[in-house]
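The values are calculated or read from the model by the stated rules, or taken from the named source; none is laboratory data. All values reported here derive from a predicted model rather than from experimental measurement. Ideal geometry is used to build each Cβ from the backbone, glycine not excepted, and the neighbour counts take in all protein chains shown. These accessible areas exclude ligands, DNA and RNA; they are computed on the full protein's heavy atoms, side chains included. Shrake-Rupley method; radii C 1.70, N 1.55, O 1.52, S 1.80 Å.
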Amino acid sequence: MASTFNVAMIGGGFMGKAHALAYAAMPMFFWPAPAIPRRKILVDVGPEAAAEAAARYGFEESSTDWRSVVARPDIDIVDICTPNDSHAPIAIAALEAGKHVISEKPLARTGDEALTMLEAARRAGTTTMVAFNYRRTPAVALARKYIEDGRIGRILNFRGTYLQDWSADPSSPRSWRFQKDIAGSGTVGDIGTHVIDFARYLVGEIASVNAMVHNYISRRPIQQGGLDKLGTAARSDAPLGDIDVDDEMITLLRFENGAVGSIEATRNAFGRSNYLTFEIHGEGGSIAFDYERMGELKVMFADDPPDSKGFRTVHTGPAHPYGAGLWPIPALGTGYGETKIIECFDFLSAIVAGTQPSPSFEDGYRISRIADAILASGKTGAWTDVGR
Ligand code: SOE
């Protein structure tokens, strides 16, 4: 029988829900499970919020004191689902207590802050992961498999976008996501980093960037109450507060392997809800993905016969990555929840194997350095090396 790992989850909001679902469901999908996650204790800011989230998400206990919780000898895994400014202190304390740690993305507010977490992870030698879950979409993992198998040859170009519209309305509240001291940056860190993760996962390391970074809405109504409502209109009498983060970024990319590319990310694109896409062109074909149709991968192989050349649509299913654990025939549908269930499976598998999954804190650190380079290039307009 697989061993049981006790999980302490810090933060019971949107991400807490997604991770709790994964802990509950992972063994139902992936059996035999690498280990059984036990939802032991949930930490949130107030006793009532913590108790309510623990009851809702199936945790045995609740607490408001993450410091004492991460040091508890009966805790194996610390799962960080809090805003960005608390990732580093929680992770470092948990690593110093010898725990395995999974943190929501981005790993930290800056590359320097991420480095302190990476160094703590190296000292601890435990397993770490950053929750860039979209690469766990089976169609995205299939794209990587095609690339690794040489099906589209040497990669020439990567085009990635992440367009959302939940913050396009100026009356949507100034939550923590619009405050640099808490979030680190705006669109760049929040959603641009997901595309950076795709770019590194599918093409390789990014060497330099040349970016434009813009803010469109400079003041928003200050959020009333603690919950991050992601765009829900604020109270009309709420006072306005200044915004000091970016709304949009567009960057060119140079990869270390010679490929080139671009990323566009904005949360102000009316009509685009979660439009996370990439298109990759290689010397032997092309691959295109759109998260709003996440069960599909479009592929074109240049050596197809002339009368059938063109993009075909592959519906992911049992023959594809993670397919054995998911649903028994293609096109039954996978969703956001499945990406988190797969992420949980990969994290627990790595803990049991004593290895580092990808994206680990090392990857999270690299992504934070690339985000820093994009923000710096956005100020100077110059090509900016990412550096190691
Ligand atoms: C808001 O832009 C957000 O919740 C991001 O923070 C998540 O990473 C993304 O998956 C969904 O949108």
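Odds and ends about this structure:
- At R0 = 41 Å, FRET efficiency that the Cβ-Cβ distance of residue 244 and residue 319 yields, to 0.05: 0.30
- Max mean-square fluctuation residue, GNM over the chain, Cα-Cα springs under 10 Å, options 212, 28, 249: 28
- Between residue 148 and residue 380, the C-beta separation translates, for a Förster distance of 41 Å, into a calculated FRET efficiency of about 0.70.
- 5 angstrom amide H check on residue 30, placed H, neighbours 5+ away: none
- Considering only GluC sites (Glu not before Pro) in DSSP loops that have at most 13 other Cβ atoms within 10 Å, the longest stretch of the chain without any of them is 61-204.
- One decimal place: the segment residue 252-residue 358 gains 35.7 nm when fully extended, by the rule 0.36 nm per residue minus the C-alpha distance.
- Note on residue 17: lysines with a C-alpha under 16 Å away, same-chain residues under 8 apart excluded, are 40, 105, 229, 340.
- Distance between segment 153-198 and segment 227-289 - C-alpha centres, whole angstrom: 4 Å
- Here segment 229-340 has 54 percent of its accessible surface on carbon and sulfur atoms, given a 1.4 Å probe and all protein chains in place.
- With all protein chains kept in place, the per residue accessible area of segment 3-133 amounts to 38 square angstrom at a probe of 1.4 angstrom.
- Segment 233-309: chymotrypsin sites (Phe, Trp or Tyr not before Pro) in DSSP coil with no more than 12 other Cβ atoms inside 10 Å: 270
- Its residue count N fixes a reference of 2.2 N^0.38 Å for the chain, and the Cα radius of gyration divided by that reference is 0.98.
- The listed residues 386, 45, once ranked by accessible area (1.4 Å probe) with the largest placed first, stand as 45, 386.
- Rounded accessible area of residue 327 (nearest 10 Å², 1.4 Å probe): 110 Å²
- Candidates 329, 231, 184 compared by Cα position along the dipole of segment 134-385: farthest toward the positive end lies 231, with charges placed on Cβ.
- Estimated inter-spin distance, residue 329 and residue 311, nm [label 7 Å along Cα→Cβ]: 2.6 nm
- One decimal place: the segment residue 14-residue 169 gains 53.7 nm when fully extended, by the rule 0.36 nm per residue minus the C-alpha distance.
- Contour excess over end-to-end distance, with Cα ends at residue 55 and residue 122 and 0.36 nm allotted per residue: 20.6 nm
- Taken along the Cα-to-beta-carbon direction at a fixed 7 Å, the label points for residue 304 and residue 36 span 4.7 nm.
- With R₀ set to 22 Å, the beta-carbon distance separating residue 1 from residue 72 gives a calculated FRET efficiency near 0.40.
- Probe 1.4 Å, protein heavy atoms only - accessible area per residue of segment 200-304 in square angstrom: 46 Å²
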